[in-house]
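These notes concern the structure reproduced below.
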Amino acid sequence: MSDPAPVPTTPQRLGDWIVIREGRPGRWGGELRRRRIFERLAIRTNARVIEDGWYPRLLRTAARGVLGNLPGPLLYPLPRRGPRPRFAASEKLRGGLLEAARRLTDPAAVAIYDDPAAQARAVGVTVDPAWAAELERRQADTIRTFRWLVAPTASFADLAGLERERVIVGGNGTDTDRIRPGPWPEAPVVGVVSAAAPGRGLETLVDVARLARRQVPDLHVRMWLVTMSEDTQAYLAGLRRRVAGDPWIEIGTAAYDQLSAALAAVTVLTILWPPHEYYDVALPVKLFDGAAAGRPQLVTPRLETAAVVRREGIGVVTSGDEPEAIAADLVALLHDRARMEALGARARHVAETTFDWRVVGERIADEVLRREGLAGL
């Protein structure tokens, strides 16, 4: 996919905007989002970009061009030359970096794309109350600091308690240059990319596949799972023991630069989240990575995910959450190769034209600049 046509801009001095983002190319979709979400905003505003880490000293250095020579330590108040630079952050900030943002910049926009404590509760991971309280405090401090709050969906913003008039619904995206369709596998394969945790529908996929193999005996399952803690490592070990007697189930992992080849080995990709208010409002990156791979999506009827699948025509929303209902929908899809290939082609087209990060980022930049009174940039 080619880049969008350049947007005519009003010349600005480098440093009128500062954007902080993820520096790594991305092992998984969340890192890619933190790298790409304000990329077009940075280009259009000729921003100073921080991507060497999330440290106050880097923000202080980036602000020098606007504020003049700053003292070595963060001493306030500071002498200024002209207005403070507008600041956009692709993730919630904490501690000294958030304080530096308040003191040195005009905090304009921040991406609020998850609620780790609520998500942990949704997937059944034990949450330390002190940890949850710290995350909630950090999120509240960030929300108070920035004018505009970019969120994946309006329903997520409501669940997170964000003021609707300050919310920019950004959606989610993928990189269609890095994830591309490959040849369809000869034997049917159903797959999932997920964090390894209870409550993610992984056991459900195993149960569904066992039922589906009664009618599709050569069906295989591929799971690419990532662990984030000792609890999730223990969970993954238990899942491996559970499927040890099923050689047709493979569990592995894949870095983001390997994901394209991994997804090409799959016939149908799944997101089998169970009923939960958090899952109803979330919009997973893997939905769009799967679309970029040109594969149909089989998803349970969670509000936002199902809405995208239905609206864009990129897969099947299951008729229920029980393994029997999901298995029936999966078998029907696997038995209709023409339908699978049509859904996969449609998914790739939608990924390129609607959900590539260049397109998503352009929409977000448009709205941030409009609200900042800079629509001509």
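The values are calculated or read from the model by the stated rules, or taken from the named source; none is laboratory data. Everything quoted here is computed from the prediction, not taken from an experiment. All Cβ positions, even for glycine, are placed from backbone atoms using ideal geometry, and neighbour counts span all protein chains on display.
Figure legend. Inter-residue proximity from the stretch 225-241: first residues farther than 10 Å from Ala197 by Cα, second residues not in a loop (DSSP other than H, G, I, E, B), beta-carbon distance below 8 Å, spacing 6+ or different chains. Indicated pairs: Arg240/Ile251. Filtering Val208, Val110, Val190 for residues that are out of contact with any His (no Cβ under 9 Å at 6 or more places or on another chain), of a type outside the set (Gly, Ala, Ser), crowded, with 19+ Cβ neighbours inside 10 Å and more than 21 Å from Leu32 (Cα to Cα) leaves a single hit, Val208.
Within the stretch 344-351, none of the residues are surrounded by fewer than 20 Cβ atoms within 10 Å (Cβ to Cβ), in contact (Cβ under 8 Å) with a residue 12 or more places away in the chain, in the same structural domain as Lys286 (by TED's automatic domain parsing) and closer than 23 Å to Ala209 by Cα.
The helices (runs of 4 or more DSSP H) found wholly in the stretch 219-301 and carrying at least 2 residues that are more than 22 Å from the chain's Cα centre (by Cα) occupy 230-242.
Quick one: would you say Thr204 is among the β-branched types (Val, Ile, Thr), out of contact with any Ser or Thr (no Cβ under 6 Å at 6 or more places or on another chain) and within 19 Å of Pro116 (Cβ to Cβ)? The answer is no for Thr204.
Only one of the numbered conditions (1) assigned to a loop (DSSP other than H, G, I, E, B); (2) buried (at least 17 other Cβ atoms within 10 Å of the Cβ); (3) modelled with pLDDT of 95 or more is violated by Ala197, and that is (3).
Please verify whether Ala42 is among the small types (Gly, Ala, Ser) and modelled with pLDDT of 95 or more, treating the condition exactly as stated. Criteria met by Ala42. When Pro217, Pro183 are screened for being more than 20 Å from Tyr256 (Cβ to Cβ) and free of Cβ contacts under 8 Å to residues at least 12 places away in the same chain, only Pro217 passes. A residue that is assigned to a loop (DSSP other than H, G, I, E, B) and crowded, with 18+ Cβ neighbours inside 10 Å cannot be found anywhere in the stretch 132-144.
Of the residues examined, Gly313 is not one that is outside the structural domain of Glu31 (by TED's automatic domain parsing), out of contact with any Asp or Glu (no Cβ under 8 Å at 6 or more places or on another chain), surrounded by 22 or more Cβ atoms within 10 Å (Cβ to Cβ) and at positive phi.
From the list Ala306, Ala345, Ala282, Ala338, the one residue that fits, being closer than 16 Å to Gly170 by Cα and small (Gly, Ala, Ser), is Ala282.
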